[in-house]
Amino acid sequence: MIRTRLHPDKQSAAQAIAREIADLIEIRSKSGKPTVLGLATGSTPLPLYAELIRLHREEGLSFRSVITFNLDEYEGLGPDHAQSYRYFMEANLFGHLDIPKSAIHIPDGRAADPAGECAAYEAAIRAAGGIDLQVLGIGRTGHIGFNEPPSAVDSRTRWVHLDEVTRKDNSVFFGDLAQVPHGALTMGVATILEARRVALLAFGETKADIVARAVKETPSAGCPATWLQRHQDCTFHLDAAAAKRL
Ligand code: F6R
């Protein structure tokens, strides 16, 4: 079952989730354990990342014991490309924190051997002890990470073909649809479901239909976010507009 939590606005949602992350880091680091975070890109988590940076700067929250795994990366885009997710994460989060560079993991969209890269990514998540908290957004196709429909419940980290709806939605960042890659490397549905806790964020009216489908439809590969219903500890953090069809 998916729990839904309604927030007055995206800033309040960001504060609540940032507090949850801060508490997790503080509790785990007291007993000498790292905190493993799964992270998303896109517009939705930006207020959350701004709040984490504020907690670091103004309240002394340290990320020295944090290990991160991002969900996905575009095929062919390297760290210097302004639309690569590695660049995005550096600009919007990592570059402002005290997280060790060696603790940051993002799939390499330029890997010569994508299958090998994906297998190594899964192995690195396991070696870190698994993901404690996975942050997700949701695409209008029902994708989580870049698991476009159809994506099986047992899918693992792999190369995927991007849906045209997703390419169009993301073309606002590239300025031109032709520049948006056709493929990506993404954590699989099974990889995401193995995280011990999942926090999905969705704000605004454009997400209302897909949020309702994810929560209410029978789980199927045709709407990959429905697989989250099988998770034991998954919360959708919504504003009123995104929750309006629930
Ligand atoms: C990003 C990701 C995607 C986005 C989704 C929503 O790493 O994996 O699933 O979370 O496409 O994107 P925004 O937040 O831009 O609406």
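For the chain, the relative contact order comes to 25 percent (Cα pairs under 8 Å, sequence separation of at least 6). Looking at the square roots a ≥ b ≥ c of the eigenvalues of the Cα gyration tensor of the stretch 2-238, which shape do they give, rounded for a/c under 1.5, prolate if a/b is larger than b/c, or oblate? Rounded, because the longest to shortest axis ratio a/c is under 1.5. Within the shell defined by Cβ-Cβ distances under 14 Å, the residues around His7 carry a net charge of +2, with Lys and Arg each +1 and Asp and Glu each -1.
Stretching Glu59 away from Ala112 to a fully extended chain increases their span by 14.9 nm, per 0.36 nm per residue minus the current alpha-carbon distance.
Amide H to amide H distances under 5 Å link Leu39 with Phe69, Asn70, Leu71, Val135, where only residues 5 or more positions off or on other chains count and H is placed in the peptide plane.
Close amide H contacts of Ser220 (hydrogens built in the peptide plane, cut-off under 5 Å, sequence separation of 5 or more or a different chain): Thr226, Trp227.
Give me the net charge for the shell around Glu20: Cβ to Cβ below 12 angstrom, other residues only, Lys and Arg +1, Asp and Glu -1. Local charge sum for Glu20: -2.
In sequence order, the stretch 25-38 has phi-based couplings of 4, 5, 4, 5, 6, 4, 9, x, 9, x, 10, 9, 10, x Hz under the Karplus curve 6.51 cos²θ - 1.76 cosθ + 1.60, θ = phi - 60°, and Gly or Pro positions carry x. When you restrict to C-alpha pairs under 8 Å that are six or more residues apart and normalise by the size of the stretch 31-78, the relative contact order lands at 60 percent. Cross-link partners among lysines for Lys168, C-alpha distance below 29 Å, same-chain residues fewer than 8 apart left out? Hits, sequence-local ones excluded: Lys10, Lys207, Lys216, Lys244. Of interest is the spacing of the C-alpha centroids, which for the stretch 161-220 and the stretch 42-67 amounts to 23 Å.
Decide, for the stretch 67-156, between rounded, prolate and oblate: order the square roots of the alpha carbon gyration tensor eigenvalues as a ≥ b ≥ c, take rounded if a/c falls under 1.5, and otherwise choose prolate if a/b is larger than b/c, else oblate. Before the final figure, lay out each step's value.
Details: a/c = 1.33, a/b = 1.23, b/c = 1.09.
Taking the square roots of the gyration eigenvalues as a ≥ b ≥ c, the stretch 67-156 is rounded.
Phi angles of the stretch 137-147 translate, via the Karplus equation with coefficients 6.51, -1.76, 1.60 and θ = phi - 60°, into HN-Hα couplings of x, 9, x, 5, 7, x, 6, 10, x, 10, 7 Hz per residue; Gly and Pro are given as x. As a calculated quantity, the FRET efficiency between Phe173 and Arg28 at R0 = 41 Å, using C-beta atoms, amounts to about 0.75.
Coordinate-derived values only; no laboratory data. Predicted, not measured: the structure shown is a model, and the values here were computed from it. Here Cβ is always computed from backbone atoms with ideal geometry, including for glycine, and neighbour counts include all displayed protein chains.
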